[in-house]
Amino acid sequence: MRPPAAVAVLVLLALGASACEGPPERVVGSEVTPAPMETTPVATEAPITTTEAPSTVGGPAVIEPPATPSTTVPALLGLATELVAEGLAFPVSMEPVPGRDAFVIVTKAGRIHLVAGRDTSVWLDITDRVRDRGEQGLFAVAFAPDFPTSGRLFVHYSDRAGDTTVSELREEGGLVDPTGEVVLFTADQPASNHNGGALEVAPDGTLLVALGDGGGSGDRYGNGQRTDTPLGAILRFDVSSPGVAVPAPGNPIIDGGAPGLWAFGLRNPWRMTIDAGRLFVADVGQNRFEEINVVPWDRAGVNFGWPITEGYHCFDPPSGCSAEGLTLPVVEIAHGDEGTCSVTGGVVARGAMIPELHGHYLFSDYCGGYLRSLGPDGTVVSWTELLDVPLGRVTAFGFDAAGEVLIASADGRVVRLVPRR
């Protein structure tokens, strides 16, 4: 069995690993150069196109999560997948239940299943208010910081009209009562794609909501670089008061800005996660490049670049663009690379069973079905050859109650990643 091999998907190989301080230089041509993560400036307005000469300012940032716990275990020979659930209607999210030896599986059709030991049951059913069509459906669940005592949780879904809804519900008596739903936020969706996104509770207890650019192709509705719309953005809300979501303190102050706006310039952020102070956002690309962005979770006003850039490359206009004011991705994956067509992020592994993966951000692709990781040193590693069976069309990553990695696929399976030693 060969050890994992680094995958040449980073422009690190082409640009070199050196990094210099200061803002990105203006560039022209088809490729722009990412600045080091710690020195990338923040912009709240769209940058201005320029025709000045290109200049290299460094490669992707080196990420330094907490050190891997020391342990003595037999050598890792491979990775296996242990079946957790099957026959689900398109699983899209898995989350551990705080304070409990259980986790939930979210399905796009509108149900949340509770898994406790060997028992699986329907914990919440809102199929009567969810539009499950194409890229629309129930996308995510997040638990309020006070969930163990309050039972409060949040869901993100497409309503019957196809528009975005973020709601608060409450668990009582071991089940979540759908009649107690309180709608916290809505947004009109002009198309049926790029509706999805994630929910994430930040370390300070605020709620992050990710939204696509409104659909179509090529930023058809012109939302990517607008700050007066929630589309193509990450929103941040204070949800400390039950049944209430208000723009959180510390959000960027932008005249005419959309309420709650925290970051923008995204195309279709299917999944995001926070680990060790860093926000990871996997953003689905157009026709050529997928990307993974990594920024400090508390950095306000980040502009991720869409549709000026797709990955590290200029998209609009394709002949030349400015990287000034943009935060470019840490990883770019070209379409056709092992079948890549739509990136699926992603969690940072911290489980006890596979310490070799500690600090690695795991990700896949809906068409490629591979398993890769962004390692602590900023290198992309392929683990696909170590897998016992193909993953299929990967739709989501998550954690079980013990913090071990779960992987969901479009065929309705959820599996646990386990070692072969």
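The values are calculated or read from the model by the stated rules, or taken from the named source; none is laboratory data. Computed from a prediction, not measured in an experiment: that's the story for all the values here. Virtual Cβ from ideal backbone geometry, glycine too; neighbours counted across all protein chains shown. Surface areas here come from the heavy atoms of the whole protein model, side chains and all, with no ligands, DNA or RNA. Shrake-Rupley method; radii C 1.70, N 1.55, O 1.52, S 1.80 Å.
Got the relative contact order for the range 94-180 handy, in percent, Cα pairs under 8 Å and 6 or more residues apart? Before the final figure, lay out the partial values.
Numbers: 181 pairs, mean separation 18.3, N = 87.
About 21 percent, as a whole number.
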Computed over the range 134-229, the relative contact order (Cα-Cα under 8 Å, seq sep at least six) in percent reads 23
Rounded to the angstrom and largest first, Cα extents along the principal axes for the range 189-298 equal 40, 31, 24
In the range 70-139, the GluC sites (Glu not before Pro) that sit in a DSSP loop and have at most 12 other Cβ atoms within 10 Å of their own Cβ are GLU86
For the range 174-267, the accessible surface attributable to carbon and sulfur atoms (probe 1.4 angstrom, ligands and nucleic acids excluded) amounts in percent to 52
The answer for the net charge of residues other than ALA258 whose Cβ lies under 10 angstrom from its Cβ, with Lys and Arg +1 and Asp and Glu -1, is 0
To the nearest Å², the heavy-atom accessible area per residue of the range 163-264 with 1.4 Å probe amounts to 37
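Give the whole-number value, in cubic angstrom per residue, of the convex hull volume spanned by the C-alpha atoms of the range 195-247.
89
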Probe 1.4 Å, all chains present, heavy atoms only: ILE407 accessible area in Å², nearest 10, is 10
In terms of the alpha carbon gyration tensor, root eigenvalues a ≥ b ≥ c, rounded if a/c is under 1.5 and otherwise prolate when a/b exceeds b/c or oblate, the range 86-166 is oblate
Residues other than CYS341 with Cβ under 12 Å of its Cβ, Lys/Arg counted +1 and Asp/Glu -1, net out at -2
The Cα extents of the range 340-411 along the principal axes, largest first and rounded to whole Å, are 28, 28, 21
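Compute the Kirkwood hydrodynamic radius of the range 167-209, taking the inverse of the mean of 1/r over all pairs of distinct Cα atoms, and give it in Å to one decimal. Don't skip to the end; give the middle numbers.
Values: mean 1/r = 0.0776 Å⁻¹.
Across the range 167-209, the inverse of the average 1/r is 12.9 Å.
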With the convex hull built on the alpha-carbon atoms of the range 237-395, volume per residue in Å³ sits at 149
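Where in the range 145-191 are there trypsin sites (Lys or Arg not before Pro) that are in a DSSP coil and have at most 14 other Cβ atoms within 10 angstrom of their Cβ?
ARG160
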